[in-house]
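The values are calculated or read from the model by the stated rules, or taken from the named source; none is laboratory data. Small disclaimer: the values here were computed from a predicted structure and weren't measured. Side chains are part of the model used for accessible areas, which takes the heavy atoms of the whole protein and leaves out ligands, DNA and RNA. Shrake-Rupley method; radii C 1.70, N 1.55, O 1.52, S 1.80 Å.
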Amino acid sequence: MLMKEYRICMPLTVEEYRIGQLYMISKHSHEQSERGEGVEVVQNEPYEDPEHGSGQFTEKRIYLNNKLPSWARAVVPKIFYVTEKAWNYYPYTITEYTCSFLPKFSIHIETKYEDNKGSNDNIFAGEPRDEETEVCFVDIAYDDIPERHYKESEDLRYFKSKKTNRGQLQEGWIHTQDPIMCSYKLVTVKFEVWGLQTRVEQFVHKVIRDVLLLGHRQAFAWVDEWIDMTMEEVREYERATQEATNLKIGTFPPAISISETPLPSSTRSGPNSAPSTPLSTEAPEFLSVPKERPRKKSAPETLTLPDPGRRDSLFKLPSFFSWNSSPQPE
């Protein structure tokens with residue numbers, strides 16, 4: 001198990017991002033989906049938790065079959081996907097990713113949002129964590145982004161919002177920006193396979209960092225599209241976009257349930273690691289799975305394993321570790 005804490009600041013307030021988060025996730029998912037591959041929304045409905053109160057539960061399937069190497073496609077089901085489950089009690093959210101084909105693999109993300117510059121070192125004080133948990137600050141304007149994801153319109157060094165008059169973020173903007181908020185994300189990656197665990201967990205964290213950077217960049221770059229929306233309007237946008245995304249994938253007909261009545265907590269168990277409730281990308285908000293790109297030597301793009309049937313052969317670890325559909329940048 002490898003745990004890291006990510007802190008991503010944005011020139012927004014926590015209340016503003018309540019709308020922006022929902023808009024960004026829906027639009028990002030739709031952009032990253034194509035026929036037979038992408039993010040299918042299975043459920044999206046109100047949820048009531050005894051400790052956290054009213055929230056929203058979503059379940060998504062991130063289809064990755066076309067991203068697998070040929071040897072893997074020969075042994076896995078024709079329809080291969082990662083399951084994302086999310087419990088949104090904004091400003092606290094829980095997201096987990098699991099894969100039936102890799103039962104030893106999972107990702108768990110706990111997120112808290114606060115109106116500050118990422119200065120709260122005790123925000124996860126009540127959560128079980130390693131004393132040596134690494135804290136990673138992500139700069140949405142100046143951290144390098146994979147070239148395939150770069151868009152001039154989303155370059156926050158030059159983007160300026162017409163509706164909020166915020167933008168053209170200069171170096172050191174985090175220290176001078178007002179308003180400012182921070183997404184605190186405690187991310188746990190597990191890949192319990194002897195001999196591969198450390199390398200795979202480190203690599204997946206590199207992928208997650210790219211996904212978080214892209215998602216939060218887009219949330220602010222698209223601010224003029226969502227800043228005037230009400231919660232009712234963004235929920236309707238979410239519903240319409242999810243149906244369009246399901247149709248775009250084309251694997252199954254839309255199966256979205258946005259209920260009017262919150263489900264009682266007894267009808268749907270929460271995540272095992274969530275306080276008082278029983279708690280997996282791309283990505284995985286989110287996780288989106290980028291295509292292959294050069295990596296530092298400390299994190300190789302692929303890992304090789306001996307084929308149990310042939311001593312002289314090698315095969316690659318499934319490439320879905322570089323997610324490219326949108327599990328959600330939250």
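Results, tabulated for the structure shown:
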quantity	calculated
Probe 1.4 Å, accessible area per residue of the stretch 108-243, Å²	51 Å²
Amide H contacts under 5 Å for Arg166, placed H, 5+ residues apart	Ser161
Cross-link table Lys163/Lys185; Lys4/Lys163; Lys151/Lys248; Lys151/Lys206, entries beyond 31 Å C-alpha to C-alpha	Lys4/Lys163
